[in-house]
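The values are calculated or read from the model by the stated rules, or taken from the named source; none is laboratory data. Fair warning: this is a prediction, and the values are worked out from it, not measured in the lab. Here the Cβ positions follow ideal geometry from the backbone for every residue, glycine too, while neighbour counts run over all protein chains shown.
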Amino acid sequence: MPWIAFDRSTTAMSAVFRVKSNERGEWITMASSVPVDEAVVVRTPEEFLAMPEDYREIAVRGMIVNTEGELSGADDYIQVFLPLAPNAEERQVCAERAVEEYDHYKIGKRILADIGVDTGYMEQQRLADRDLFAGHEFHTCTTWAERGIFSYIGEETAMVMISEFAQSSYKPWAEAVRTIILDEKVHIAHGARVCRNLARTEEGREELQQGLDRLWPGFNRIFGSARSERSKLAVRFGLRQTTNGEARDIWRAKVTPRIENLGLKVPE
């Protein structure tokens, strides 16, 4: 049965039929055309590698950025947040969250390795040297209030994107990240607890507002440019469900009530 890969960058998507040569037992490709409304479904690494170059490039970019973000998130918990923790219980929570983030990194590492992409170099980099995932200010949090804002408001950016990846047309990636979503919900819930405890006092609310004001621009940058053509093409390929600007709007709609319920103001 022919395998079909769709290139949605054209008005009529191109299909690639993969058939085996009777003489040498090798895979060969033949081009055809299919209706523009065909869904894109890529089920295996082998199918992925036969997809059009722009599909592969956009998919790999998204997976690499997310995978680096998971590794850096783990390092943030150990190197930045754990030293800020006010007691042993909170230190333990930071350590547990770090373990989960390292697990998430290894999920991305495995999926990328299956298509020939090695992320081992990330493990040799210092936290400050990783620059694919926006927001170096996250690595310089200096207060427990900023730690709470990071998880309650900032990690919702990851939840928005991962929820989209869970519907990706590249099915190995979609299935893998679904296991991450439950952990991310726990991370956000812990941030909520930290923020709500601090918001009980005027001093705590002031600390939270200062942290939110400092980190807010970085949270917004995570989504990239609203004018990005790459994000539009990712939607057409089924790798994402929304463009950068639409994803940012979804995030803002989610976190604005949280901010207001803490007695804080949404930054301009």
Just to verify a result, which residue in segment 219-234, among those that are in a helix (DSSP H, G or I) and of a type outside the set (Gly, Ala, Ser), is surrounded by the fewest Cβ atoms within 10 Å (Cβ to Cβ)?
229
Tell me which residues, restricted to segment 140-187, are under 17 Å from residue 205 (Cα atoms), part of a helix (DSSP H, G or I) and β-branched (Val, Ile, Thr).
149, 153
Selection within segment 164-198 - surrounded by fewer than 17 Cβ atoms within 10 Å (Cβ to Cβ), polar (S, T, N, Q) and under 22 Å from the mean Cα position of the chain (by Cα)
167, 179
So for segment 206-218 (the condition being assigned by TED's automatic domain parsing to the domain that holds residue 149, part of a loop (DSSP other than H, G, I, E, B) and in contact with an Asp or Glu (Cβ under 8 Å, 6 or more places away or on another chain)), does at least one residue qualify?
no
From the list 97, 110, which residue is assigned by TED's automatic domain parsing to the domain that holds residue 71, among the basic types (Lys, Arg), within 25 Å of residue 58 (Cα to Cα) and in a helix (DSSP H, G or I)?
110
Can you tell which of 239, 215 is surrounded by 20 or more Cβ atoms within 10 Å (Cβ to Cβ) and closer than 27 Å to residue 141 by Cβ?
215
Being more than 17 Å from the chain's Cα centre (by Cα) and among the hydrophobic types (A, V, I, L, M, F, W, C) is the filter here; which residues of segment 100-126 pass it?
113, 115, 117
Go through (1) closer than 21 Å to residue 97 by Cα; (2) of a type outside the set (Asp, Glu); (3) surrounded by fewer than 20 Cβ atoms within 10 Å (Cβ to Cβ) and name the single condition residue 201 misses.
(1)
Per the filter on segment 235-268, residues of a type in the set (A, V, I, L, M, F, W, C), in contact (Cβ under 8 Å) with a residue 40 or more places away in the chain and assigned to a helix (DSSP H, G or I) are 247, 250, 251, 255, 259
Just to be sure, is residue 137 part of a helix (DSSP H, G or I), of a type in the set (Asp, Glu), in the same structural domain as residue 58 (by TED's automatic domain parsing) and free of Cβ contacts under 8 Å to residues at least 40 places away in the same chain?
no
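Going by what's in this entry, would residue 118 be described as in contact with a helix residue (DSSP H, G or I) (Cβ under 9 Å, 6 or more places away or on another chain), without any contact (Cβ under 8 Å) to a residue 12 or more places away in the chain and either outside the structural domain of residue 84 (by TED's automatic domain parsing) or among the charged types (D, E, K, R) (or both)?
Taking the combined requirement at face value, the residue satisfies it.
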